[in-house]
Amino acid sequence: MNDNKISRRDFVKGVATGVCAGAFASMGLYSYTQSAYDRLPKVQRKFEDFGACRSVKVINISETSWFNNAHLIGDIHDAGGLLVNQYTLNWAPFANGQGKAKGSYDSGIASIKELIPNDLEKAWEIQKKLALHPENPGGFSCLIEVEELDGTKHKYLLDTGWSYDWMEKSFKREGIDKMLQAREIEALFISHEHWDHFWGLPVTMKYDNRIPLYVHDGFYKEGLQYIKDSGYKGTPVIQKEPMRQIIPGMAVLKFDVPIINRVFGETSLAFNVKDKGLVLISGCCHQGILQMADFAYTDLKYDNDRFYGIYGGLHISPFEDWDPKYDDLVISLAKWNFERIGCNHCTGHLTAKKFIERGYPVVRGTARFRSSSPDYLGNGDTITF
Amino acid sequence: MDMDSNGTLYLESRKLVKRWSGPWPALINTLIMAVFFYITWWIFQDPRGVFRMYTPYVGYMVCRWMLILFIWVAYIFDFWPFKRSWLERTHPLVKGLVLTLVSVAAMVIVIKGFFIELLGNYGIAYFNPERLQAMGITHFYALEYATEAIMMFAAIASWLSPSWVVACEGAPWNKLKQPAKGLTIMVVTFFLSMIVYFVTMHSHMAILFYPWQQYTAITPPYWEAFANTVSGNFHIAWIMCCTVVVWQFETIWERYPFNLIKTDWLRRTASFFGIILIALALCFFLYYAQDLVWGETIRGTRRLAAPDWRWLHVGEMAIFWLVPTLFLNFYCNNWPNNFSRPVRVCLRTFLTAALAVLVYVVYYKTAHLFLGTQKGFSHPQQFPMIPMIWLINIFLINVWFMDGWPGWKAVPRTAEEMREVEEEKVASDVKWTPALARGLAVGVACGAGLYAIVIAILPWVGKTVEIIK
């Protein structure tokens with residue numbers, strides 16, 4: 001009887017030890033093996049048909065979001081780093097003159113609320129006196145012309161820049177102001193809430209305050225309030241679904257990603273160009289270009305089942321910083337076989353340089369209007385897919 | 001009697017006794033630590049707070065090096081130069097303050113004196129942010145790169161330093177007196193950390209710069225094909241798992257089963273390498289678990305699907321396991337205790353694993369509401385390891401430096417209790433018998449079956465459970 005008890009105790013001790021040993025052994029011997037990965041379900045492609053268009057032309061209004069990297073990142077650093085709320089950075093147009101990290105949406109907008117969108121020159125002058133590095137802001141914005149298969153042409157704006165002064169001049173340079181006034185531009189898509197894509201909103205509102213406006217549903221309350229304070233008279237379309245078709249061959253893709261300086265989510269544009277393939281256009285592409293490409297591969301149907309082109313800020317080394325994971329992208333971009341790559345803005349000059357060194361089909365620019373490198377499709381440059 | 005010279009660590013020589021019965025000590029200490037955590041987080045780390053060190057690498061480096069210094073002070077130097085009598089008589093609050101400040105001062109000397117000024121000026125430029133800045137890198141990233149390198153050194157040392165004391169029992173220098181013992185183990189583990197650093201993280205740092213620094217480092221790194229990334233996050237994954245497993249081995253596992261080995265050198269060697277093997281197993285599982293939940297990685301993406309982030313997240317998940325492990329050991333008397341050692345080790349392992357899942361879920365559901373961090377799993381500047389290690393540091397200050405004050409107080413262990421401590425090092429409570437062997441076989445099969453069930457469930461979890469809305 002006593003022996004049995006001892007045996008039972010030993011048996012239980014053995015079981016307890018064995019359970020842990022067996023679990024850890026299985027974890028170690030199986031988890032990172034080919035057999036383990038062979039059992040993962042294969043990707044089921046959805047081939048969602050969003051039509052096709054004949055061509056897409058992008059006119060780069062401005063890709064120079066800021067002009068001095070050290071000032072920009074220095075301000076962010078002084079405020080506490082990349083997780084600090086962007087509205088507290090004390091940058092125009094939300095500056096209150098109290099210095100780094102002491103800004104707020106309410107105190108900043110109070111100084112110019114009555115002036116926007118009709119007296120932007122005065123509003124910006126006031127803000128320049130209150131803001132950190134007031135000469136640094138530029139902005140990102142591009143005009144997209146889409147031709148349908150029947151020849152109908154559509155114009156859209158992707159993003160509206162940052163500095164009222166810079167964007168006003170950039171709009172005038174490309175004739176955007178007149179297109180807006182004439183209601184030729186059918187919609188404004190804000191890729192995300194960041195300063196350099198969104199804070200120049202009053203400049204668009206000055207010329208067309210009823211333009212259909214599309215934003216990600218991750219916008220914070222300050223961003224939604226700014227849409228109202230900018231003089232917008234319509235109701236913004238807040239996109240909640242992963243994909244929304246705009247016209248045949250054009251869709252807005254929504255990605256839920258946390259982004260630096262307390263921004264959440266980005267939307268990008270996808271086009272199916274007949275006989276060519278998929279074209280992706282992004283503002284900053286915080287979701288990652290390969291993440292976006294993978295989403296398109298999994299979800300969308302496009303001609304020739306081929307990735308044709310990509311344009312925009314590809315958000316790889318926006319502050320000319322680097323990380324080995326960026327090399328992962330540079331290395332693995334090859335297997336996606338894009339035929340035309342138009343990059344600028346937050347792609348990073350070093351990234352563009354590495355793309356070119358690897359022989360990728362980067363469409364070069366002219367380095368005009370304060371764009372600094374021909375490796376980029378710069379301000380005033382165009383690309384047609 | 002002053003016990004400085006008898007070879008017993010202060011932490012082993014004392015017994016923490018509850019000041020009040022029931023759950024009150026644990027509850028009160030938890031409450032105090034939570035408040036202290038939040039105040040100090042706000043002052044030092046929070047992006048909305050005073051010093052805003054969560055840039056993130058500056059704050060990350062600081063909390064990792066604080067952890068190392070606490071380990072050095074308590075485990076390696078056994079509180080030298082403070083006398084045992086001072087430790088026994090001084091009020092815990094005073095001890096906590098003095099020992100923490102001494103640790104912080106030593107940390108500043110190591111970071112500023114050794115890494116930035118010595119190594120950064122006479123060895124490797126990337127340890128010195130000013131040199132990087134002078135070469136054209138913005139101030140912000142110069143600081144981030146340098147602190148990342150210094151932080152990584154601490155990550156490696158936070159595995160090797162305690163491992164030498166816990167697994168290798170301080171051998172062959174365990175009979176030396178302080179400070180010779182502490183200095184020797186510190187120098188040896190520092191040296192080993194440096195070797196591990198060079199073969200794991202140096203290449204990562206070398207490809208931060210253009211062009212890749214191929215004359216001074218192996219580029220592309222040798223692990224690229226295996227890990228599907230050139231990022232050193234692959235090494236962070238298994239090294240963090242090693243760090244966590246060392247402490248599990250020391251606390252909830254009571255050094256079982258390696259303490260059954262009677263031969264000193266064999267036990268120590270088996271413990272040291274056993275920890276590494278268990279950590280590798282954990283590392284591969286946690287990586288695979290992510291693939292099961294979120295789908296396979298896509299190399300070159302930046303976030304959730306990126307292999308480099310998934311390796312990093314392995315380390316983050318491991319740290320989530322360390323928090324309940326230490327809490328159970330420090331504040332719940334290593335519950336449960338009323339079973340045989342193998343059974344209680346098994347129960348604690350699964351209990352803490354379940355609690356780790358709970359901490360993980362609560363963290364991702366709520367951290368952005370009060371820590372000043374951003375919502376989401378994968379943010380390029382978000383490291384849950386920082387608040388977790390910050391919290392662990394506070395645990396360590398409370399238990400190691402303050403004897404668990406206010407809920408607990410230290411009393412000397414009796415001779416009988418000291419024997420029990422020694423028993424943990426070389427145990428004889430489990431002996432090889434046919435019944436044990438049968439049980440072991442059944443257990444191994446059950447463990448493998450449990451693993452099979454978990455990996456079968458995880459894809460379903462990925463489809464149905466939404467932690468972040």
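Along region A:159-167, what does the Karplus equation 6.51 cos²θ - 1.76 cosθ + 1.60 (θ = phi - 60°) give for ³J(HN,Hα), rounded to whole Hz, x for Gly and Pro?
6, 9, x, 10, 5, 4, 5, 5, 5
From the C-alpha gyration tensor of chain A, pull out the three semi-axes of the equivalent ellipsoid (sqrt of 5λ each), sorted largest to smallest, in whole Å.
Working through the eigenvalues yields semi-axes of 43, 28, 20 Å.
Taking the Cα centroid of region A:268-313 and of region B:143-161, what is the distance between the two, rounded to the nearest whole Å?
A separation of 39 Å, based on Cα centres.
Once R0 is set to 60 Å, what does the formula 1/(1 + (r/R0)^6) return for the Cβ-Cβ distance between A:THR298 and B:THR184, expressed as a FRET efficiency to the nearest 0.05?
Calculated value: 0.60.
Indicate the gyration tensor shape class of region B:182-337 (rounded, prolate or oblate), computed on the Cα atoms with a ≥ b ≥ c the square roots of the eigenvalues: a/c under 1.5 is rounded; otherwise a/b larger than b/c is prolate and the rest oblate.
It is oblate, given that a/c is not under 1.5 and a/b is not larger than b/c.
Distance between Cα centroids, region B:48-117 to region A:314-385: provide it in whole Å.
Answer, in whole Å: 45.
Sequence-distant or interchain residues sharing an amide H contact under 5 Å with A:THR64, placed H: which?
So A:THR64 has HN proximity to A:GLY139.
Answer rounded, prolate or oblate for chain B, using the Cα gyration tensor with square roots of eigenvalues a ≥ b ≥ c: rounded when a/c is under 1.5, else prolate when a/b is larger than b/c, else oblate.
Rounded is the answer for chain B, as its axis ratio a/c remains below 1.5.
Give me log10 I(q)/I(0) at q = 0.20, 0.22, 0.28 Å⁻¹ for region B:293-365, Debye formula, one equal scatterer per alpha-carbon, no solvent.
Debye curve over Cα of region B:293-365, log10 I(q)/I(0) at q = 0.20, 0.22, 0.28 Å⁻¹: -0.85, -0.94, -1.21.
I need the phi-derived Karplus couplings for region B:304-317: 6.51 cos²θ - 1.76 cosθ + 1.60, θ = phi - 60°, integer Hz, Gly and Pro marked x.
In residue order, the calculated couplings are 3, 8, 7, x, 5, 5, 5, 5, 4, 5, 4, x, 5, 5 Hz.
Show the residues, 5+ positions off or on another chain, whose built amide H is closer than 5 Å to the amide H of A:GLY313.
Under 5 Å from the amide H of A:GLY313 lie the amide H atoms of A:SER282, A:ASN344, A:CYS346, each far enough along the sequence or on another chain.
Does region A:1-85 classify as rounded, prolate or oblate by the C-alpha gyration tensor (a ≥ b ≥ c root eigenvalues; a/c under 1.5 gives rounded; else a/b over b/c gives prolate, otherwise oblate)?
Since a/c reaches 1.5 but b/c is at least a/b, the shape of region A:1-85 is classed as oblate.
Hey, rough spin-label estimate for A:THR152 and B:LYS175, points 7 angstrom out along Cα→Cβ, what's it come to in nanometres?
Taking the two extended label points, one gets 9.2 nm.
Can you put A:GLU266, A:GLU121 in order of Cβ neighbours within 10 angstrom, beginning with the fewest?
A:GLU121, A:GLU266
Give the calculated FRET efficiency between A:GLU125 and B:VAL199 to the nearest 0.05, with a Förster radius of 60 Å applied to their Cβ-Cβ distance.
Numbers: r = 58 Å, r/R0 = 0.96.
Once the sixth-power term is evaluated, E becomes 0.55.
For region B:10-430, what relative contact order do you get, as a whole percent, if you take Cα pairs closer than 8 Å and at least 6 residues apart? Don't skip to the answer; put the middle values down first.
Details: 531 pairs, mean separation 105.4, N = 421.
That works out to 25 percent.
Which of A:HIS345, A:HIS133, B:HIS91, A:HIS315 comes first, and how do the rest follow, when ranked by fewest Cβ neighbours within 10 Å?
With the sparsest Cβ surroundings first, the list reads B:HIS91, A:HIS133, A:HIS315, A:HIS345.
Can you work out ³J(HN,Hα) from phi for every residue in region B:168-184, in order, using Karplus 6.51 cos²θ - 1.76 cosθ + 1.60 and θ = phi - 60°, giving whole Hz and x for Gly and Pro?
Listing the rounded values in order: 8, 6, x, 5, x, 10, 5, 8, 5, 8, 6, x, 4, 4, x, 4, 5 Hz.
Stretched out fully, how many nm does the piece from B:VAL454 to B:VAL102 gain, at 0.36 nm a residue minus the Cα gap?
Between B:VAL454 and B:VAL102, full extension yields 122.2 nm more.
Give me A:ASP119, B:ASP78 ranked fewest to most by other Cβ atoms within 10 Å of their Cβ, as a rough exposure proxy.
Ascending number of Cβ neighbours within 10 Å: A:ASP119, B:ASP78.
Quick one: helix A:289-299 against the long Cα principal axis of chain A, what's the angle to the nearest 10°, folded into 0 to 90?
70 degrees
Add -39500 (n - 2.57) for each DSSP H run of 4 or more in chain B, then divide by its residues: what number comes out at 222 nm, to the nearest 500 deg cm²/dmol?
-20000 deg cm²/dmol
Could you work out Rg/(2.2 N^0.38 Å) for the protein assembly as shown, with Rg from alpha carbons only?
Numbers: Rg = 29.5 Å, N = 854, 2.2 N^0.38 = 28.6 Å.
That ratio works out to 1.03.
Determine the calculated [θ] at 222 nm for chain A from helices alone, applying -39500 (n - 2.57) to every DSSP H run no shorter than 4 residues and normalising by the residue count; nearest 500 deg cm²/dmol.
Rounded to the nearest 500, the figure is -9500 deg cm²/dmol.
Near the amide H of A:ALA187, under 5 Å away, which other amide H atoms are found, from residues 5 or more places off or on another chain, if H is placed in the peptide plane?
A:LEU157
A short reminder: the numbers here are calculations on the coordinates, not readings from a lab. Here the structure is a predicted model, which means the values were calculated and not measured. Please note: Cβ atoms are built from the backbone with ideal geometry, for glycine as well, and neighbour counts cover all protein chains shown.
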